[in-house]
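Right, one structure below, let's go through it.
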Amino acid sequence: MKNTTLVLMVILFAMCGYVNAQDKALIISHKDEALQWGPCPDFIPSGCAIAVLQGDPADQNADIFFKVPGDFEIPHHFHTSQERMVLVSGTLDVQYDNHEKATIKEGEFAYGPAKLPHSAYCHKGDDCVLYIGFVEPVDAMPIESTDVE
């Protein structure tokens, strides 16, 4: 019985290694000229851009760079997914509803809960580039006169 359990464990670990070996390791700089920057949702003013780093934005577990120029207001919005973020460049003020304003500096991690409305401001100077890891598909919905469920 112990040998059967050991054999099953070895097979399981081997399968996990095989599955993970199918993914390719990658390193991407926000300054990489090969990045394909696309538009942000229509409610965000011109100047905003998104680059997909990994995954399919329509599926779970996609990673993106979100970029805006200095002195830029990001309108009040929410996401259906939680956001795991690291500010890659710039300085960004974030205001989540019913929270105090937070300032994120280059290299700092931030977490945004799913469906929590927020707005942001990129300080004058450098562009703000934010790495965002989404658990659910990538989305952003503007906050209008209706409440978020």
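Can you spot a residue in segment 70-82 that is in contact (Cβ under 8 Å) with a residue 12 or more places away in the chain, surrounded by 14 or more Cβ atoms within 10 Å (Cβ to Cβ) and acidic (Asp, Glu)? Among the residues of segment 70-82, not one is in contact (Cβ under 8 Å) with a residue 12 or more places away in the chain, surrounded by 14 or more Cβ atoms within 10 Å (Cβ to Cβ) and acidic (Asp, Glu), which makes the answer no.
With the structure loaded, tell me whether Asn61 is modelled with pLDDT under 95 and surrounded by fewer than 16 Cβ atoms within 10 Å (Cβ to Cβ) or whether it fails that test. When the stated conditions are applied, Asn61 does not pass them. The residues in segment 105-139 that are of a type in the set (Phe, Trp, Tyr) and over 14 Å from the mean Cα position of the chain (by Cα) can be counted, and the count is 1. Taken over segment 95-149, residues that are among the polar types (S, T, N, Q) and on the phi > 0 side of the Ramachandran plot amount to 1. Here Ile28 meets the list (1) outside any loop (DSSP other than H, G, I, E, B); (2) surrounded by 14 or more Cβ atoms within 10 Å (Cβ to Cβ); (3) touching a Leu at 6+ places or on another chain (Cβ under 9 Å) almost entirely, failing just condition (1). In a residue-by-residue description of segment 104-113, the property of being more than 30 Å from Asp23 (Cβ to Cβ) and in contact with a strand residue (DSSP E or B) (Cβ under 9 Å, 6 or more places away or on another chain) applies to at least one position. Summed over segment 115-149, the residues that are loosely packed, with under 14 Cβ neighbours inside 10 Å, out of contact with any Gly (no Cβ under 6 Å at 6 or more places or on another chain), assigned to a loop (DSSP other than H, G, I, E, B) and not β-branched (Val, Ile, Thr) give a count of 5.
The values are calculated or read from the model by the stated rules, or taken from the named source; none is laboratory data. All figures in this text were calculated on a predicted structure; none of them were measured in a lab. All Cβ positions, even for glycine, are placed from backbone atoms using ideal geometry, and neighbour counts span all protein chains on display.
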